[in-house]
Amino acid sequence: MQLSTPSRLDGPSPPGSGRIDFDEFYQAHFRAMTVQLCAYIGDLGHAQDLVQEAFCRAFSRWEKIVKYDDPVAWVRKVAWNLATSRWRRARTAERFVRRQREEHVPGPSPDRVAMETALALLPTNHRRAVVLHHLADLPVSEIARQEGVAEGTVKSWLHRGRTALAAHLTEGKEGKGHE
Amino acid sequence: MNSEDTFLDTQFAAYRNELLPDVTPVGPDAVRTTVRRRRRITVTVGAAIALALIAGPAVGYSALNRAPAPPEPGTSTEPTQGSPPSSSPSAAPPGSATATAPNGRISRRDLLAARLPMPPWSGDVPCYGEWFADAKPAQEGNWLESVDYADVDRDGAEDAVAMIGCKFNTVIQTQVAVFKRNQSGNIVLLGQVLTSWPPLGWIFQIDAQPDGSIRIDVGDREPTDEQVASVVVRQWRTYGWTGTRFQQTAGPTSFPPNPTLADLRVTATDITYAALADDGSRHGTTTVTIRNAGPAAAQYVWLSLELGKNVRHEGDGWSGCVEVSSSPDPSNPNLGCLLGPMRAGETKTLVLGVASPGAVLTQYSARAVVMCLDKQRDPVPDAKPSDNEAHFEQR
């Protein structure tokens, strides 16, 4: 039986312990990580759910993860893996139904819609690379590590993704200008 | 940095600035609450496993799901439809094998340590490898849920009946397999009994019998927090070794119709898009047929079509929908049609027009999914979930 000792379920880390406090870690990274994932999947509520789940998994093994060189990378990878899980997609229909009945909030700006629409037109790999580079500020080497591919592959994805994204956004703005 | 990069950085900065205030973190306290609840469940399972190791019969899931006490063999709630209980499992063991068969009462520790050939999982299950963990993994992987013992192949030595799970994120599949020792003393797979693959929805527990048969507590669906336990139909089914494979020998072979549930079924025809039109899109139709096979009526039926990025709905065919919607989620593009009530036996046929922007489709395989909703438009279980989706092509 593998029942590890709960990691500070009821409070922050002891003062002066020299470790990253989970609460601070969460507060420092939740929003940015959610924005990045939202840009990738185009759904803010879903992105929040996935990032929250990733933080839950991080908390379960916080004693280990906090010792990593980059705990943020671990959480981000989990969240992105969750987003791309084919198994998780099986539950999308149910979530979609529920979302239809959620209260409507003021809609996003045309620029945000344009960005999400343009991103959605990119192939998945290109979109991931572009979002991670421009929103998560990750260098090529780190994207390559996260994706498990060569740096040259990431450079290619980035080049093609950026070119296509810029074209889509420009076309959109020009199209609006002609209306 | 070139001008393209600068342009995109500006666009992304604006995107980030707009979105950040809209993000509402649930908070680290909610993380603690979730993890605490999951640990309680894990501890319950762990305690059940410990009890199983002490008591003998495997009761792991039984404890977790507050299952009723196993009925005695032959007292299943439904008449047996399959072959009568086979006499072969209780037949005298082959005399030649009994004297030399190695002890197959393989300890849990030995099972965990052995690199065993994993019997195949059913369907699109991303678990593989020759190893399973001691406890259900937090994220993904195989684990050994419980072990029970009986002389399944009647060679005079006990065999290990293992209930093994595969977890991937929130989805779980379980299977029952039997391991034994070969003449060299190595642990080998005797055979796979069954997996929790439709029409089975769940395996709750195993109970190996002294006569070598294996009784398995199965359910027609996965028990979840969102549905009452009584929705799950549970049965004990008995399996025996034929000499080459496992075969059901007693117990119900199918689940009875649940009178409170509707059985929705869907089919959809392939979409052949026309050539690129002047509006920059290609247009096509699919004929979707939805049938409620009963026995209960559906208050609402929700149809989802996964056709690809930016495919939109068009035409009068959608006028039969109470609501039409499209998902902005580019990782799983949907068109949605909410239909009104469908009584048992009713069939609806929809000829749905769609338009795909550009000359090139973003995907060729498509999927239609139907789901039953109650009056509050909350999802309710389907009597037979396996026919709630249809795969079709688009070209």
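Nothing in this text is a laboratory measurement; each read-out follows from the coordinates by a stated rule. Since the structure is predicted, the reported quantities are computational estimates derived from the model, not experimental observations. Using ideal geometry, Cβ is built from the backbone for each residue, glycine included, and neighbour counts are taken over all protein chains shown.
Assorted remarks:
- Ranked packing of B:270-276, B:366-372, most packed first, by mean Cβ within 10 Å: B:366-372, B:270-276
- Candidate lysines - alpha carbon under 22 Å from B:Lys375, same-chain residues fewer than 8 apart omitted: B:Lys348, B:Lys384
- Peptides B:180-190, A:156-166 ordered by packing proxy, namely the average of other Cβ atoms within 10 Å per residue, highest first: A:156-166, B:180-190.
- Shape of segment B:274-350, Cα gyration tensor, a/c cut at 1.5: prolate
- Label-to-label distance, nm, for residues given as B:Gln363 and B:Arg115 (7 Å Cα→Cβ offset): 3.7 nm
- Euclidean distance between Cα centres, segment B:132-200 to segment B:337-385, Å: 37 Å
- Hz values of 3J(HN,Hα) by residue in segment B:354-371 - Karplus curve (6.51, -1.76, 1.60), Gly and Pro given as x: 9, 9, 10, x, x, 7, 10, 6, 8, 7, 9, 8, 10, 9, 10, 10, 10, 9
- 24 Å Cα-Cα reach of B:Lys180 towards lysines, excluding residues that sit fewer than 8 places from it in its own chain: B:Lys136
- Rg [Å, one decimal], Dmax [Å, integer] - segment B:284-395, C-alpha atoms: 14.0, 45
- Peptides ranked, highest mean first, by Cβ atoms within 10 Å: ranges B:334-344, A:55-65: A:55-65, B:334-344
- Within 10 Å of each Cβ in A:113-125, the average number of Cβ atoms from other chains: 3
- Near the amide H of B:Val380, within less than 5 Å, lie the amide hydrogens of B:Cys372, B:Leu373, B:Asp374, all on another chain or at least 5 residues away, with H placed in the peptide plane.
- Exposure proxy order (Cβ contacts within 10 Å, fewest to most) of B:Val266, B:Val152: B:Val266, B:Val152
- Violating pairs (Cα-Cα greater than 27 angstrom) within the set A:Lys64/B:Lys167; A:Lys77/B:Lys309; A:Lys77/A:Lys155; A:Lys64/A:Lys155: A:Lys64/A:Lys155
- Around the amide H of B:Thr253, modelled in the peptide plane, lie the amide H atoms of B:Gln81, B:Gly82, all under 5 Å away and 5 or more residues distant in sequence or on another chain.
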